[in-house]
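What follows is a short report on a single structure.
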Amino acid sequence: MWVYEKKLQYPVRVSKCDPHMAKLLMEQYGGADGELAAALRYLNQRYTIPDKVIGVLNDIGTEEFAHLEMIATMIYKLTKDASVEQMKAAGLGEHYAAHDHALYYQNAGGVPFTAAYIQAKGDPIADLYEDIAAEEKARATYQWLIDLTDDVDLQDSLKFLREREVIHSLRFRESVEILKGERDRKKVF
């Protein structure tokens with residue numbers, strides 16, 4: 001069960017209209033290593049993970065939805081005042097033709113989100129290593145997005161998200177160690 005608090009996890013501010021940056025941020029909205037894929041991956045994997053670490057997947061999966069909301073807010077704020085010409089110049093002409101200024105789950109290249117992005121092997125340790133890799137890829141992407149903008153307000157929110165990816169990776173690493181300890185423990189019957 002979720003309790004929805006009607007505020008973002010961290011404030012999102014942008015200092016200017018920037019449809020090109022919005023296009024790049026779509027990678028974290030609907031891309032393979034973006035927030036939607038992460039949230040769905042973790043909340044799906046929790047059904048086959050041992051009880052000792054199920055809370056980690058539940059907590060992080062839920063937080064990823066909060067991050068998705070932040071990314072959506074960034075994209076919205078960066079494009080809400082953009083003219084059709086600005087959208088076209090940013091490479092969002094096709095997006096505008098299909099969706100106007102509405103958000104759509106796609107990556108920065110315009111490829112729609114697919115469930116093929118979501119991994120679930122059923123082996124808890126394999127799934128957690130997949131999750132660590134997903135978090136590290138998201139961290140790297142956030143760093144590159146920070147590098148691609150000169151908007152210090154936007155950079156602030158992106159730095160927050162980058163740091164949360166680091167924390168998530170650490171929590172998944174801790175979970176792997178817990179499960180390895182369980183697996184390697186001598187069992188006496």
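Quick look at the values:
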quantity: Boolean, residue 100 is surrounded by 15 or more Cβ atoms within 10 Å (Cβ to Cβ), more than 23 Å from residue 61 (Cα to Cα), more than 14 Å from the chain's Cα centre (by Cα) and charged (D, E, K, R); calculated: no
quantity: Filter result (under 13 Å from the mean Cα position of the chain (by Cα) and over 30 Å from residue 184 (Cα atoms)) within the stretch 113-142; calculated: 113, 117, 138, 139, 140, 141, 142
quantity: Residue that is touching a Leu at 6+ places or on another chain (Cβ under 7 Å) and within 19 Å of residue 173 (Cβ to Cβ), where the choices are 55, 61; calculated: 61
quantity: The stretch 1-32 - residue that is among the charged types (D, E, K, R) and modelled with pLDDT under 95 and, of those, least open to solvent (accessible area, probe 1.4 Å); calculated: 5
quantity: Residue 60 vs. criteria in contact with an Asp or Glu (Cβ under 9 Å, 6 or more places away or on another chain) and not acidic (Asp, Glu); calculated: yes
quantity: Test for residue 129: is it among the aromatic types (Phe, Trp, Tyr) and within 17 Å of residue 63 (Cα to Cα); calculated: no
quantity: Matching residues, the stretch 73-97, being open to solvent by 20 Å² or more (accessible area, probe 1.4 Å), in contact (Cβ under 8 Å) with a residue 12 or more places away in the chain and of a type in the set (Gly, Ala, Ser); calculated: 89, 91
quantity: The lone exception for residue 142 - which of (1) within 30 Å of residue 48 (Cβ to Cβ); (2) open to solvent by less than 60 Å² (accessible area, probe 1.4 Å); (3) in a loop (DSSP other than H, G, I, E, B); (4) not β-branched (Val, Ile, Thr) it fails; calculated: (3)
quantity: Scope the stretch 65-121; condition out of contact with any Leu (no Cβ under 7 Å at 6 or more places or on another chain) and of a type in the set (Ser, Thr, Tyr); matching residues; calculated: 79, 83, 96, 104, 114, 117
quantity: The stretch 40-69, residues that are closer than 24 Å to residue 99 by Cα and surrounded by fewer than 24 Cβ atoms within 10 Å (Cβ to Cβ); calculated: 40, 65, 66, 68, 69
quantity: Residue in the stretch 49-56 that is under 24 Å from residue 121 (Cβ atoms) and touching a Gly at 6+ places or on another chain (Cβ under 8 Å) present; calculated: no
quantity: Residue in the stretch 158-170 that is within 14 Å of residue 21 (Cα to Cα) and out of contact with any Lys or Arg (no Cβ under 9 Å at 6 or more places or on another chain) present; calculated: yes
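The values are calculated or read from the model by the stated rules, or taken from the named source; none is laboratory data. None of the values given here were measured: they were computed from a predicted structure. When we count neighbours, we look across all protein chains shown, and the Cβ atoms used for this are built from the backbone with ideal geometry, even at glycine. Only protein heavy atoms, including side chains, enter the accessible area calculation; ligands, DNA and RNA are left aside. Shrake-Rupley method; radii C 1.70, N 1.55, O 1.52, S 1.80 Å.
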